[in-house]
Every structure is written in C-alpha cells, then in structure tokens.
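Values in this text are rule-based calculations from the coordinates and carry no lab data. Small disclaimer: the values here were computed from a predicted structure and weren't measured. Here the Cβ positions follow ideal geometry from the backbone for every residue, glycine too, while neighbour counts run over all protein chains shown.
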Amino acid sequence: MATNHIAATAAEPTTHKSVGVYWKFLDDKKIVWIARGFGIAALLNIAVALYMALWYAPTEKTMGHAQRIFYFHVPSAWIAFFAFFIVFIASVLFLWRRERKWDALALSAAEIGVIFTTLVLLTGPMWAKVAWGAFWVWDARLTTTLILWMIYVGYLMLRGTADTERRSRFAAVLAIVGFLDVPIIYFSVQLWRTQHPELLVTQSGGLTPAMTQTLMTALLSFTLLFIFLLIERVRLEQARDQVNFLRETAE
C-alpha cells in the first residue's frame, strides 16, 4: 500500500507534494458497494428510529412530546464524541508518522464531528425551551459543548489556510488539545451543579425498556450514517490529492 510521507525539504520548508493513493483499499469497488450499503442501512434505520421515537416510545410525564428530541439529541452527541476521538488518534499518528493518510482521516472525521455537534447545539435548545423555559442557559454541559464546537470550527478554519505541512502540524496539535474538552463535557454533570440531566439507561427510575430500545436504534442509525460519511469523505479527500498530484507532476 502506497503511503504519503509529508516531509518538508530544505528547499521547500513549508510545502509538500500531494500523492495519489494512501488508503488503497478505498478504491476497491467492493468498498464502494459496502459504503453504499452502510448508507442505505442508515436511511432505513433512521426511518425506523423516527417511527419509534414518535409512536413506539411512551410519552415522558414531565416534558411530554418535547422529550422525543432526546432520541436524536443524545446519539448526535455520542457520534460527535466518537468522531473527535478518531480525530485525536489520527492527529497523534500524523505527528508521529508524518503520513498524509492520517492527516486526511483527521480532517474528514473533524468535518463530520462538527456537523453532529451542530445538531447537538440545535436540538438541545428545542428541548431546553420546554424543560427550562429558555432556549439557552449557561449550563456547564451546554457551555463546554459550545466550546468544543468552536475549537473544531477553528480547526477547520485553520485547515482552510495554505496547504502546508506546518499548517497540518498546528491543526493536529489543536485537535489533540481540543479533544481534552470531551471528557470534561461527559463528567460536567458530576463536576459542577448543572441543570442538564444525567443519562440513566440501566438504573432504576431511568429510561423504560421502550425508551432504551428507541435510543439504541437511533444510535445504531447515526453510527451507520457516520461510517458511510467517513468512508465517502476520506475517498473524496484521497481523490482530491490524486488530482493535485497529477496537476503538480504535469507542471
């Protein structure tokens, strides 16, 4: 498998040549069909999850139908955290190995993570309006989630500057530091006084079996969707590098 070592030379300290294929298996036709299978399965599962959230799961006594947003709000947060974990691992590997494939994987996962974090920040206020009487309060979990979103939006903005190894290294460091906010978000309800509820799946007095089944179905749907988007986004980044490489070699 061909790999791309992004290494600055003495003559070109801040530039690097793009190469063709570094995730070779992604060009396999079988992978294309597998990715499409994940996409179709994700759409079907989302339809099932939507049905379960609206009609199968019981209505929560306190918040009523507004609580149904929970079945998409929580999986969005979980997938966002998972995406940023991939960014973290890929960024560490990029700084260690200086291989373009890890840089491309980090960028692809970061874009998807920002999308899911945006969904969290959009669905959360709709739920909060009913639960707290306001679309936004400076609650510890909400605030730290907003900070996480801003960090990775900043990461993407940094990636939008000149395509250099130096930029890639700075972005990788930012991604690694930014991931430290994820455990802070997770434990925020224990660390500070917060209005945000804890997720009780297995404890007595938590979610009913029907609610848990609906939540797990929605989580499966978003996981399948994430896998599909990640494969397609990495393939797109690889194709872009192939075009850039051909353009550079033709000059």
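Values for this structure:
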read-out	value
Size of electric dipole in the chain: Cβ of Lys, Arg +1 and of Asp, Glu -1, about Cα centre, debye, nearest 20	140
Degrees between helix 70-97 axis and first principal axis of the chain (Cα, 0 to 90, nearest 10)	30
Segment A250-T62, extension gain: residue separation times 0.36 nm, minus the distance between their alpha carbons	61.1 nm
Gain on full stretching of the segment that runs from R167 to L236 - 0.36 nm per residue minus C-alpha separation	22.8 nm
Net charge contributed by nearby residues that have their C-beta within less than 13 Å of I69 (K/R +1, D/E -1)	+1
Dipole-positive endmost among T223, Y186, L236 within the chain (Cβ charges, Cα centre)	T223
Helix-only mean residue ellipticity at 222 nm for the chain, each DSSP H run of n ≥ 4 adding -39500 (n - 2.57), per residue, nearest 500	-24000 deg cm²/dmol
Sorted by Cβ neighbour density within 10 Å, fewest at the top, the residues E248, E111	E248, E111
Compactness of the chain as Cα Rg over 2.2 N^0.38 Å, two decimals	1.15
Least to most buried among D139, D27 (fewest other Cβ within 10 Å first)	D27, D139
The range 74-94-the range 114-137 distance, computed between alpha-carbon centres (Å)	21
Contour excess over end-to-end distance, with Cα ends at W132 and L191 and 0.36 nm allotted per residue	19.2 nm
0 to 90° range, to nearest 10: angle between helix 181-191 axis and the chain longest Cα axis	20
Cβ-derived FRET efficiency at R0 22 Å, F85 paired with L43, nearest 0.05	0.30
Residue among A110, A175, T164 farthest towards the positive dipole end of the chain, charges placed on Cβ	A110
Helix 165-179 axis, angle to the chain major axis (alpha carbon atoms, nearest 10°)	20
